[in-house]
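The values are calculated or read from the model by the stated rules, or taken from the named source; none is laboratory data. Only a predicted model underlies this, so the values are computations on that prediction, with no experimental measurement involved. Every residue, glycine as well, gets a Cβ built from its backbone with ideal geometry; the counts of neighbours run over all protein chains shown.
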Amino acid sequence: MMKKVKRMRKHIKKQLLELLGTVKDGIKYVHNITDNSEQAENVLIDCYSAFTHINETLAGVLKSDRYSDYEKVISEIQADMEIFNESIQEKRDYAEIYSVMNTNMNVFEDMLTNENVKLEVVFLPYKASMWDSLESVWKAADEDENCDAYVIPIPYYDRNNDFSFGEMHYEGDLYPDYVPITNYNNYNFEARHPDKIYIHNPYDDGNLVTSIHPFFYTKNIKKYTDELIYIPYFVLGDIDPNDSNALKGIEGFVTTYGVLNADKVIVESEDMRQAYINVLVDFFKNEDYRPVFEKKILGTGSPKYDKVLNTKREDLKIPDEWLKIIKKPDGTRKKVIFYNTGLTALLQHSEKMLDKIEDVFKVFYENRDEVALLWRPHPLIKATIESMRPQLWEKYSKIVENYKNDGWGIYDDSAELDRAIIMSDAYYGDLSSVVQLYKKTGKPEMIQNVDILY
């Protein structure tokens, strides 16, 4: 990792330049009211104090050798102010010292304007399994010597049947070892004011299954940063931005608080960018908003694709108990099928979907000598059933228990979606954003049909 350089934060530089502008206005004001020596003295005292504050701030944020350059100029300006005040009080000619003081302040302003700054960037993932939607952006920030990057996982709540908050979850201990974690209680957003905040949960209080902590709703957190950037935790795949039916299908993903409140939104392709823009213009029924959304929505690609394309099978850490299932008695490798069950199909088909899962297990059990099944349910499936289909929980939990106890297949409830994609040889399961990721590998994918039982 590259060594970080001690530099001024961007928002501090902005504050100091604004304060300097106020001081210059004050000096100009004094120049015009020298007939009132008492008022002039009071204004100059305030200006002197302002430069004392600027001096103390610079001493705290710059390396000593860089600070010394400012310290010298500040001392000269403050000395100029004292002479300027004495000249006014004693009614002496102050034109020369006024000119010198203005020159020194202009020198100082040029120094401050040209000062290199360091960005502070915060990443706010909520589920560790969705970290891949931010990881490549974080890596770039973390490797930049002009940037301090913080990963701050945020807590979230399950929703009860009445939409109230249920159990709280915090997954800060589930991230890869190479990702340094900062606890959300140990970062003062108001005082630190990060230059950029990245999020991947767009729902605020609009999710029926879970809710992030209200402090981190976009309508609140955007107050503490210059730029709030939303990158979806999902990818939606290819789309025709002029297909009205296709646009209707993604409307629920586009008209979220995260999209509306963010300063920038990064999506997976240029076609998806155009789709977002068209949906938003239609949502607001105002074509005049198009230039705003064209600037706001960027189609530069999803970090989820970066993660899948840059991870190699030989780099994966496969648990020993999984290897026992994958390897044949002769040491060769079985074909591994990634079986993905999502939320939409379960909510749509309910009991019928559970029957389908059991039927799939029977088929793969009969072929277990040649094929290893890796079952990865959606990470929110438990919370979804408990909140929206509680009558299914007993049967679903029994299916999970039996599958895990029988030990012939792999049960993957880890945060490492990319591992399941890379280590498997084919995809089978529900239509979801995972399919779009899987397509990037070039390996076969097959969508299950709940109406077909074997």
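Mind counting the residues in segment 39-69 that are over 17 Å from Asn85 (Cα atoms) and either surrounded by 15 or more Cβ atoms within 10 Å (Cβ to Cβ) or not aliphatic (A, V, I, L, M) (or both)?
16
Ser302 is checked against (1) among the hydroxyl-bearing types (Ser, Thr, Tyr); (2) assigned by TED's automatic domain parsing to the domain that holds Gly258; (3) closer than 17 Å to Met423 by Cα and fails just one. What number does that condition carry?
Result: Ser302 fails condition (3) only.
Going through segment 434-447 one residue at a time, which ones are surrounded by fewer than 19 Cβ atoms within 10 Å (Cβ to Cβ), touching a helix residue (DSSP H, G or I) at 6+ places or on another chain (Cβ under 9 Å) and within 16 Å of Pro377 (Cα to Cα)?
Across segment 434-447, the qualifying residue is only Ile447.
Residues to consider are Tyr233, Tyr224, Tyr276, Tyr217; find the one that is surrounded by 15 or more Cβ atoms within 10 Å (Cβ to Cβ) and either among the charged types (D, E, K, R) or under 19 Å from Arg290 (Cα atoms) (or both).
Tyr276
Test each condition in (1) surrounded by fewer than 18 Cβ atoms within 10 Å (Cβ to Cβ); (2) of a type outside the set (S, T, N, Q); (3) assigned by TED's automatic domain parsing to the domain that holds Ser302 for Leu124 and report the one that comes out false.
So the condition that Leu124 fails would be (1).
Tell me, which residue of segment 329-375 that is crowded, with 19+ Cβ neighbours inside 10 Å and small (Gly, Ala, Ser) is farthest from Met388 (Cα to Cα)?
Ala372
Which condition from (1) more than 30 Å from Asp425 (Cα to Cα); (2) modelled with pLDDT under 95; (3) surrounded by fewer than 19 Cβ atoms within 10 Å (Cβ to Cβ) is the one that Thr210 breaks?
Of everything listed in (1) more than 30 Å from Asp425 (Cα to Cα); (2) modelled with pLDDT under 95; (3) surrounded by fewer than 19 Cβ atoms within 10 Å (Cβ to Cβ), Thr210 misses just condition (3).
Which of the following residues is of a type in the set (Gly, Ala, Ser) and more than 30 Å from Asp177 (Cβ to Cβ): Ser414, Ser424, Ser350?
After ruling out the rest, the residue left standing is Ser350.
If only one of Leu323, Leu316 is without any contact (Cβ under 8 Å) to a residue 60 or more places away in the chain, closer than 30 Å to Gly407 by Cβ, surrounded by fewer than 15 Cβ atoms within 10 Å (Cβ to Cβ) and of a type in the set (A, V, I, L, M), which one is it?
Leu323
Mind counting the residues in segment 18-37 that are out of contact with any Cys (no Cβ under 7 Å at 6 or more places or on another chain) and either within 14 Å of Ile54 (Cβ to Cβ) or of a type in the set (Gly, Ala, Ser) (or both)?
Residues meeting the conditions: 7.
Rundown of residues vs (1) at pLDDT below 95; (2) assigned by TED's automatic domain parsing to the domain that holds Ile229; (3) among the aliphatic types (A, V, I, L, M); (4) assigned to a strand (DSSP E or B), yes/no style:
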site: Trp131; (1), (2), (3), (4): no, yes, no, no
site: Lys139; (1), (2), (3), (4): no, yes, no, no
site: Glu145; (1), (2), (3), (4): yes, yes, no, no
site: Asp148; (1), (2), (3), (4): yes, yes, no, yes
site: Asp158; (1), (2), (3), (4): yes, yes, no, yes
site: Asp162; (1), (2), (3), (4): yes, yes, no, no
site: Gly166; (1), (2), (3), (4): yes, yes, no, yes
site: Gly172; (1), (2), (3), (4): no, yes, no, no
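Conditions (1) modelled with pLDDT under 95; (2) of a type outside the set (A, V, I, L, M); (3) surrounded by 14 or more Cβ atoms within 10 Å (Cβ to Cβ); (4) farther than 26 Å from Glu366 by Cα, marked per residue:
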{"position": "Ala383", "(1), (2), (3), (4)": "yes, no, yes, yes"}
{"position": "Glu386", "(1), (2), (3), (4)": "yes, yes, yes, yes"}
{"position": "Pro390", "(1), (2), (3), (4)": "yes, yes, no, yes"}
{"position": "Trp393", "(1), (2), (3), (4)": "yes, yes, no, yes"}
{"position": "Lys404", "(1), (2), (3), (4)": "no, yes, no, no"}
{"position": "Ile410", "(1), (2), (3), (4)": "no, no, yes, no"}
{"position": "Ala420", "(1), (2), (3), (4)": "no, no, yes, no"}
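If Asn160 meets every condition in (1) within 15 Å of the chain's Cα centre (by Cα); (2) touching a residue at least 60 places away in the same chain (Cβ under 8 Å) apart from one, which number is that one?
Among (1) within 15 Å of the chain's Cα centre (by Cα); (2) touching a residue at least 60 places away in the same chain (Cβ under 8 Å), Asn160 violates only (1).
Being outside any helix (DSSP H, G or I), surrounded by fewer than 15 Cβ atoms within 10 Å (Cβ to Cβ) and either free of Cβ contacts under 8 Å to residues at least 24 places away in the same chain or not assigned by TED's automatic domain parsing to the domain that holds Val235 (or both) is the requirement here; does Lys72 meet it?
The answer is no for Lys72.
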